[in-house]
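Take a look at the structure below.
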């Protein structure tokens, strides 16, 4: 029994992945919806100050999206910075300071008060993150489909979804501005992330 216990502990230690800390805590409002967030998603978080944060899952898509943003804003990232970015969660800093933010260790990033990603009409970086993320996610899906077809394996594609995770104390105008960024990119369907309300007991 002792050997079995040690084997199980060793297994979980070797297979578990470290939880990457979020740069912002978003306290979402509650609702009665019990739908789960899909795996393939672009999510924009809005903190209580109205700052916008961007996140897209999939290691390769994140890396390629960063490369596209670097080309768009003429910012060069090293291979190490690209790999580090691909392992991170949401980001809430402008492109001008992103390389410096990536180079920080986890504790330093947690101490930084992220100003949010610009989304005004003259500097709509959030819109570019969403657009390039969508393009790269579609490319990744096509590549995975081609690989699956070559080996005769069935390919199950989960379409890319979009979500907004806003703090319950966020200003309505801030959330409305994020929604406008989505609609300007002709994205009219997205999930609003909430906490499930507890039923009466």
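The values are calculated or read from the model by the stated rules, or taken from the named source; none is laboratory data. Here the structure is a predicted model, which means the values were calculated and not measured. As a convention, Cβ positions derive from the backbone with ideal geometry for all residues, glycine included, and neighbour counts pool all protein chains shown.
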*Condition check for residue 164: assigned to a loop (DSSP other than H, G, I, E, B) and surrounded by 14 or more Cβ atoms within 10 Å (Cβ to Cβ)*: no
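Taking the condition out of contact with any strand residue (DSSP E or B) (no Cβ under 9 Å at 6 or more places or on another chain), surrounded by fewer than 18 Cβ atoms within 10 Å (Cβ to Cβ) and modelled with pLDDT of 95 or more, does residue 82 pass?
Considered against the rule, which asks whether it is out of contact with any strand residue (DSSP E or B) (no Cβ under 9 Å at 6 or more places or on another chain), surrounded by fewer than 18 Cβ atoms within 10 Å (Cβ to Cβ) and modelled with pLDDT of 95 or more, residue 82 comes out as yes.
Just checking, which of 18, 5 is loosely packed, with under 13 Cβ neighbours inside 10 Å, at pLDDT below 90 and assigned to a helix (DSSP H, G or I)? Let's see the steps before the verdict.
Details: 18 fails: assigned to a helix (DSSP H, G or I).
None of the other options fit; the residue is 5.
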*In the stretch 98-115, which residues are within 18 Å of the chain's Cα centre (by Cα), surrounded by 13 or more Cβ atoms within 10 Å (Cβ to Cβ) and in a helix (DSSP H, G or I)?*
98, 99, 101, 102, 109
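Being out of contact with any strand residue (DSSP E or B) (no Cβ under 6 Å at 6 or more places or on another chain) and touching a residue at least 60 places away in the same chain (Cβ under 8 Å) is the filter here, so list the residues in the stretch 142-162 that pass it.
Kept after step one, since they are out of contact with any strand residue (DSSP E or B) (no Cβ under 6 Å at 6 or more places or on another chain), are these residues of the stretch 142-162: 142-160.
Across the stretch 142-162, the qualifying residues are 158, 159, 160.
One line per residue, one yes/no per condition, for (1) farther than 22 Å from residue 130 by Cβ; (2) touching a residue at least 40 places away in the same chain (Cβ under 8 Å):
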position	(1), (2)
73	no, yes
76	yes, no
86	no, no
99	no, no
105	yes, no
110	yes, yes
114	no, yes
